[in-house]
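Accompanying notes for the structure given below.
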Amino acid sequence: MSAVSLYSKASPDFDTKLAETIALLKRAAQEFSPLTQASSLGAEDMVITHLLAEHKIDCSIFVLETGMLHPQTVAMIGRIEARYARPVEAYRPVAEAAAEFVSTHGDKAMYQSVDLRKACCGIRKMEPLSRALAGKKGWLTGLRREQSNARAEVEFIENELVGEPGERAKVNPLARWTAGDVWHFIGVNNILYNPLHDEFFPSIGCAPCTRAVTLGEDIRSGRWWWEQESAKECGLHVSDSAEGQSSSLSTISSIIPIKEVSA
């Protein structure tokens, strides 16, 4: 059964949400140029990429190619470029840093502690993200309020202090969308999507940190499933206040229970 047939269910006010999203994307391109999309190559980001192309919105697209993605995910880059005739820039970790981390801690370090998992995310995601956003005044994400408690207060536009030259806007055009809205739009418009979604992967990240979920599980439960809910962010979408909590968390990570995982 396809993810579209399983999850597609438009909200009663879907048309209003869609118009709101299109207007926000156009506004972002005008007010926060140069604008870029941070694509995880998941369902939400495919919706945004489609809308950018459909409405000829000036916005580049980049992917954090961590070196640990599923092959199905990496293949989406070429599929996007072929369908939309838009380049997708891949930002990869510094090879020496990634290799040193694996040499020191092993290739299953993320299962050993929150600190090591976040250190891996830092090398493979956070540092490449800083390069991807250099010189940009705004970036688009696929965050939705429904995705998790940590994202329940996501705003349409958030400003991030980044030092010189000032502020960078983070724009979340699907903030009000439900999962049913996302899959409704994908189905109606025959949008490309990662085939892992058909295998019960609602949220897709690096292969060692992502698993399929069972019916009734939370859509984020397949990410870092061996950790407590409070630790389940990589740092890409953590607010200043949450970042402070994260720093405090790292100092006591040795007492955070890590679930047993079969590696």
Amide H contacts under 5 Å for Leu140, restricted to residues at least 5 apart in sequence or on another chain and with H modeled in the peptide plane, are Thr36, Gln37, Ala38, Val171
Rg/Rh for the stretch 23-123, where both radii come from Cα atoms and Rh is the Kirkwood radius: 1.07
Of Lys9/Lys137; Lys56/Lys136; Lys9/Lys108; Lys56/Lys137, pairs whose Cα-Cα distance is over 27 Å: Lys9/Lys137; Lys9/Lys108
Mean Cβ count within 10 Å, highest first, over the residues of peptides 109-120, 173-184, 189-200, 87-98: 173-184, 109-120, 189-200, 87-98
Nonlocal amide H pairs with Leu69, under 5 Å, H built at 1.01 Å: Ala207
Theoretical gain in end-to-end length, Asn189 to Ala207 [0.36 nm per residue, Cα-Cα removed]: 3.7 nm
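Laboratory data are not the source of any read-out in this text; all were calculated from the coordinates shown. What you see is a predicted model; the values in this text were computed from it and never measured. A quick note on method: Cβ atoms are made from the backbone with ideal geometry, for glycine too, and the neighbour counts reach across all protein chains shown.
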